[in-house]
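A quick write-up on the structure given underneath.
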Amino acid sequence: MELSTEKKYLGINGLGRIGKLTLWYQLSENYFDGFVINVGRRIGTSLSDIVHLIGTDSTYGPMEKFLGGIKAQKGIKIINKEENLLEIFGKPVKILDKARNPKDINWGEHGVRVVVDTTGVFNDPTVSEDNKKGSLRGHLWAGAHKVINSAPFKIKDKTKKLPEDCNILIYGINHTSFNQNRHKIISAASCTTTALAYMVKPLLEREETKNILTASLSTIHAATNSQRVLDSLPGTGDKDLRKNRMVFNNIILSTTGAASTLEKVLPEIKRIGFMADSVRIPTDTVSLIILNLTFHSHLDSKGDSSITRVLLNQIYREAAQGPQKGLLHYTDSQNVSSDLKGQLFAVTIEGHATHTRTGFIDLSPEMLQKVGLNTGKTINIPITHSTLFGWYDNEYGSYVNCLGKLTNYITRDL
């Protein structure tokens, strides 16, 4: 079996958590005719070791059973050891193991037009294609037409802006802003930003809740490969010493850029004072966003706030059946994290846990006079604080799912 230049192949750079699961997702979707995976070096002792890597997973179990059910037959075959050619569920999969720098991968020779870079190494889209250390643009140099990065952009030179041929897209939120003629390098943001976008967008689209005054989130996040199995010596220049502590039995405070990245996806939130942090916990996948929002609300004739738990849950129920159907999920069930493993939703709102509290800010005549209002009396402004809970499988179910849908959308007209 050989790769044909007349068919549609997806290139995947890297075979870590997101790389392997991207392959799994695309195999289940049956959208591409085959795959070319660059691992950049020899893996183990033979091609059989890559077969083992692809077919097994400590989080989701064997590939065949996860994708095809408990009675599924083994789906990986070695077709040609010398050419590193596999067949998975009838699809050809070519393994490249010579080049680590994207410019040297030769995607064009293998019929690859779209590459998903899952390495997490090349996140600066301003770095030139011929950079010795590699860059996202190197994939274009090597023959790809579009590059999708499975991480947020990070521009090191703060004097530079995001190039015009780049965009940050989340499927179901702003993916239709993709311009086939202009955009060549796309960031699919992060797992937390993806889930957060689905929590915030329905609120911004409703008259009752669009006036958000402040917001903060904490993501109770499953462990990632940026952490250590045992306590280890920090690297040169490491600022966050906590990531060098054992992942198994620690709760570790961390950071997240989800709020700042969301500003680029939903510009409306720039006016909101948005804070974000992360707490790493020793689980394999499924994370939880605790989203705290403060609204300027109104009182009805009975003196009750216009923003209630009932209203917020209704907004998410309607969004789950309407604009975000199939990606935003609402539930009244009482869940634990393992219930959401592998579930194909960007976020699951647990309405059972939603709650609100309304208080008042008193503005005295002296305070009002400073802004040019001479009321002669104190004004009471109702402020409603709410807490919302959103589950997301930060690996396959939420992030890789949305990344895969975005990839297919970008590829459709090539």
Item to check | All positions within the range 370-414 that are among the hydrophobic types (A, V, I, L, M, F, W, C) and under 29 Å from N179 (Cβ atoms) | outcome: V400, C402, L403, L406, I410, L414
Checklist outcome for this item: Among the residues of the range 278-305, the number that are modelled with pLDDT under 95 and surrounded by fewer than 16 Cβ atoms within 10 Å (Cβ to Cβ) is 8
Checklist entry - Out of all the residues in the range 240-252, is one or more without any contact (Cβ under 8 Å) to a residue 12 or more places away in the chain and over 24 Å from V200 (Cα atoms)? => result yes
Checklist entry - If we scan the range 36-53, do we find a residue that is touching a strand residue (DSSP E or B) at 6+ places or on another chain (Cβ under 9 Å), of a type in the set (D, E, K, R), within 18 Å of L85 (Cβ to Cβ) and in a loop (DSSP other than H, G, I, E, B)? => result no
Item to check | Candidates L388, L406 - the one that is modelled with pLDDT of 95 or more and in contact with a Phe, Trp or Tyr (Cβ under 6 Å, 6 or more places away or on another chain) | outcome: L406
Checklist entry - Quick one: is R137 under 17 Å from I185 (Cα atoms), surrounded by fewer than 18 Cβ atoms within 10 Å (Cβ to Cβ) and either of a type in the set (A, V, I, L, M) or modelled with pLDDT of 95 or more (or both)? => result no
Checklist entry - In the range 240-271, which residues are of a type in the set (A, V, I, L, M) and either on the phi > 0 side of the Ramachandran plot or assigned to a helix (DSSP H, G or I) (or both)? => result L241, A258, A259, L262, V265, I269
Item to check | Check on F89, surrounded by fewer than 18 Cβ atoms within 10 Å (Cβ to Cβ) and aromatic (F, W, Y) | outcome: yes
Item to check | Residues satisfying the stated conditions in the range 327-386, i.e. assigned to a strand (DSSP E or B), touching a residue at least 40 places away in the same chain (Cβ under 8 Å) and surrounded by fewer than 19 Cβ atoms within 10 Å (Cβ to Cβ) | outcome: H355, T358, I381, P382, I383, H385
Item to check | Count of the range 274-325 residues which are assigned to a strand (DSSP E or B) and farther than 30 Å from N250 by Cα | outcome: 5
Next on the checklist: What pairs come out if I take residues in the range 258-272 that are more than 14 Å from K154 (Cα to Cα) and pair them with residues that are of a type in the set (K, R) and modelled with pLDDT of 95 or more whose C-beta lies under 7 Å away, six or more apart or interchain?
Outcome noted: L266/K201
Checklist entry - Of the numbered conditions (1) surrounded by 15 or more Cβ atoms within 10 Å (Cβ to Cβ); (2) within 28 Å of R412 (Cβ to Cβ), R100 satisfies every one except a single condition; which is it? => result (2)
Next on the checklist: With the requirement that a residue be among the acidic types (D, E) and in contact with a helix residue (DSSP H, G or I) (Cβ under 8 Å, 6 or more places away or on another chain), what does the range 349-396 give you?
Outcome noted: D393, E395
Item to check | Spans of strands (runs of 3 or more DSSP E) in the range 80-127 with at least 2 residues touching a His at 6+ places or on another chain (Cβ under 7 Å) and outside the structural domain of T22 (by TED's automatic domain parsing) | outcome: none
Next on the checklist: Checking N249 against (1) over 23 Å from R17 (Cα atoms); (2) at pLDDT below 95: exactly one of these is not met. Which one?
Outcome noted: (1)
Next on the checklist: Can you find, within the range 314-367, the residue that is nearest to the chain's Cα centre (by Cα) among those that are over 29 Å from T176 (Cβ atoms) and of a type in the set (D, E, K, R)?
Outcome noted: K341
Next on the checklist: Which residue is surrounded by the most Cβ atoms within 10 Å (Cβ to Cβ), if the candidates are limited to the range 146-185 and must be in contact (Cβ under 8 Å) with a residue 24 or more places away in the chain and not in a loop (DSSP other than H, G, I, E, B)?
Outcome noted: V147
Checklist entry - Which condition breaks for L15 when tested against (1) under 23 Å from the mean Cα position of the chain (by Cα); (2) without any contact (Cβ under 8 Å) to a residue 24 or more places away in the chain? => result (2)
Checklist entry - Which one of I70, I155, I168, I105 is β-branched (V, I, T) and in contact with a helix residue (DSSP H, G or I) (Cβ under 6 Å, 6 or more places away or on another chain)? => result I168
Item to check | Meets criteria (of a type outside the set (S, T, N, Q) and free of Cβ contacts under 8 Å to residues at least 12 places away in the same chain) for G237 | outcome: yes
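The values are calculated or read from the model by the stated rules, or taken from the named source; none is laboratory data. Computed from a prediction, not measured in an experiment: that's the story for all the values here. Counting neighbours? That spans all protein chains shown, and the Cβs are built from the backbone with ideal geometry, glycine included.
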